[in-house]
1. So for segment B:154-174 (the condition being closer than 17 Å to A:Phe67 by Cα and touching a Phe, Trp or Tyr at 6+ places or on another chain (Cβ under 7 Å)), does at least one residue qualify?
2. Looking only at segment B:172-186, filter to residues that are in contact with a strand residue (DSSP E or B) (Cβ under 9 Å, 6 or more places away or on another chain) and within 14 Å of chain A (Cβ to nearest Cβ); which one of those is surrounded by the fewest Cβ atoms within 10 Å (Cβ to Cβ)?
3. Go through B:Gly272, B:Gly303, B:Gly281 for me and flag whichever is on the phi > 0 side of the Ramachandran plot and buried (at least 21 other Cβ atoms within 10 Å of the Cβ).
4. Considering each residue of segment B:208-247, count those that are open to solvent by 30 Å² or more (accessible area, probe 1.4 Å) and over 20 Å from B:Asn271 (Cα atoms), and give that number.
5. Would you be able to tell me the number of residues in segment A:11-23 that are more than 10 Å from every other protein chain (Cβ to nearest Cβ), open to solvent by 40 Å² or more (accessible area, probe 1.4 Å) and of a type in the set (A, V, I, L, M, F, W, C)?
6. So which pairs qualify, if the first residue must be in segment A:44-72 and within 30 Å of B:Lys107 (Cβ to Cβ), the second must be open to solvent by 20 Å² or more (accessible area, probe 1.4 Å) and part of a strand (DSSP E or B), the Cβ gap must be under 6 Å, and the two must be at least 6 apart or on different chains?
7. Would you please list the contacts, defined by Cβ atoms under 8 Å and residues six or more apart or on different chains, that run from a residue in segment B:318-344 that is more than 11 Å from every other protein chain (Cβ to nearest Cβ) and at positive phi to a residue that is part of a loop (DSSP other than H, G, I, E, B) and not hydroxyl-bearing (Ser, Thr, Tyr)?
Amino acid sequence: MEIKVKLFAALRKGRFDCEIRDYASGATVSQILSKLNIPENKVSIIFINGRHADLNHELYNNDTVAFFPPIGGG
Amino acid sequence: MKIEVDNSLKMLPNYDLIEKMKGEYGDKIACISIGTAGEMKMSAASIAFTDMEVRPARHAGRGGVGAVMGSKRVKVIVLDDTGMKMRSPEDPEKFKEANKIFVDGLKKHPVTGEGLPAYGTNILTNIINEAGAYPAYNFKEGAFKGISKISGETQAELEVKRGGVATHACHRGCVIRCSGIYNDKDGNYLTKQPEYETVWAHGANCGIDDLDSIAMMDFLDDNYGLDTIEMGATIAVAMEAGLAKFGDAEAAINLIKEVGKGTPLGRILGNGAAVTAKVFGVERAPVVKGQAMPAYDPRAIQGIGVTYATSTMGADHTAGYAIATNILKVGGYVDPLKTEGQIELSRNLQIATAAIDSTGMCLFIAFAILDQPETFQALIDLLNSFYGLSLTADDVTELGKKIIKMERNFNAAAGFTAQHDRLPRYFYTESIAPHNVTFQIKDEELDQVMNW
């Protein structure tokens, strides 16, 4: 299945900003992170289609997943 | 201390004023000043503070405080600490110990120790956009298509490429260092690193995706002494009124120049989004108590809507920054799209913020103290050892409540009622994409925020 993966802030370093990637159907957020070699403890906020999600969340074809390290500002 | 009359300073913008002050008093000074907007007593007028480079780039932006200074006919306060000694704590040993724990706490928290120093406040742009809560085109849409051109990641990269600075302290002694220096395309200083709120207000909210234009507007606002949030919101209202097209950066820049010159149009715009909307007959004025909302849509982040509605100064994000818990998962997590837990969240944040604000600490320390109990305790220990007090965490909460109560009493005496603790009606009736949500918190619930 095709998943749009977005990376932000320090997670982009040595990787990419936004790519459409192919994953086996039923893949979870955790499995996607592992394929990207991103340690789970470096990710603090996960969005799937603009809503907060957790590591166990299962993805569906054409989903957008966004990963953020801990950030704040305002 | 000397008080002097100097009519030669009349209608000088902030940057020219500070150059003149440096010429008269040397460059070891710090200044607190108003630009032309404050002299004209505009309600969007700010008070400028010089930064480490003695530039008038840091502002008490909100609430129209520049107009108050203007009404007292105070143009500039010049400070020179030559020959002065540092104040010493009542208990120097305890203070030193508490300070070490406090500083370590700021350095080890990923927000205050990594994200903010590397990218500045504009790091928020992508995440708020991703959450569908980044107001574009005068709060018409919850995400902006030009987002990658104005994000904190793009801004930091551009600053470094042009010989500016992406990690910089806005005042002496800061350990977070979320400020920066923004140079123009020729490598010359244009303005300090535009903040998240400014990039949104003059950017997405006006349909503008060009960082150089946004930085120019940041400079003009600082120079005339204007609140960037209010001015961005005002220009978006003016665009909705048809005074300029959304996305037209040149027209937006010209509108700010009208404010600086004090033309009749400029005086309308300089009095903010509420006044501008009334004058031009625009219903969609994103204001509470006459003050424009900042860069978070209260429909997609319900908790911040509670703060906008009930804060004593009008739509203000800092008074109870629900974004931390609704979006950033700092201090726990409350789903931004649901109503559950938002009243309590906003209330607790407003009480804590009133207390932190009265210490004079930067509010960004809240990211570390909300997550790390030992850092919160270190803040209390700092106050106690410096002033010889014996405050506890409960006393700090009581202090916050007392401050809010005093502010509410002031507002009540000035004629404010529960009817003013509301969002504009269209936030309850018009939904915002991509989540297609309206503001769902009932009036009776809003009336419970200050009932503890």
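The values are calculated or read from the model by the stated rules, or taken from the named source; none is laboratory data. All figures in this text were calculated on a predicted structure; none of them were measured in a lab. Please note: Cβ atoms are built from the backbone with ideal geometry, for glycine as well, and neighbour counts cover all protein chains shown. SASA here: full protein model, heavy atoms, side chains in, ligands and nucleic acids out. Shrake-Rupley method; radii C 1.70, N 1.55, O 1.52, S 1.80 Å.
1. Scanning segment B:154-174, I find no residue that is closer than 17 Å to A:Phe67 by Cα and touching a Phe, Trp or Tyr at 6+ places or on another chain (Cβ under 7 Å), so the answer is no.
2. B:Arg177
3. B:Gly272
4. Here the count works out to 7.
5. Here the count works out to 1.
6. From residues that are within 30 Å of B:Lys107 (Cβ to Cβ), the pairs are A:Ala66/A:Lys6.
7. Cβ pairs passing all conditions: B:Gly341/B:Val334; B:Gly341/B:Asp335.
Residues checked against (1) at pLDDT 95 or above; (2) loosely packed, with under 15 Cβ neighbours inside 10 Å; (3) in contact with a Phe, Trp or Tyr (Cβ under 9 Å, 6 or more places away or on another chain):
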site: B:Gly415; (1), (2), (3): yes, yes, no
site: B:Ala418; (1), (2), (3): yes, yes, no
site: B:Asp421; (1), (2), (3): yes, no, no
site: B:Pro424; (1), (2), (3): yes, no, no
site: B:Tyr428; (1), (2), (3): yes, no, yes
site: B:Asp443; (1), (2), (3): yes, yes, no
site: B:Leu446; (1), (2), (3): yes, no, no
site: B:Met450; (1), (2), (3): yes, no, no
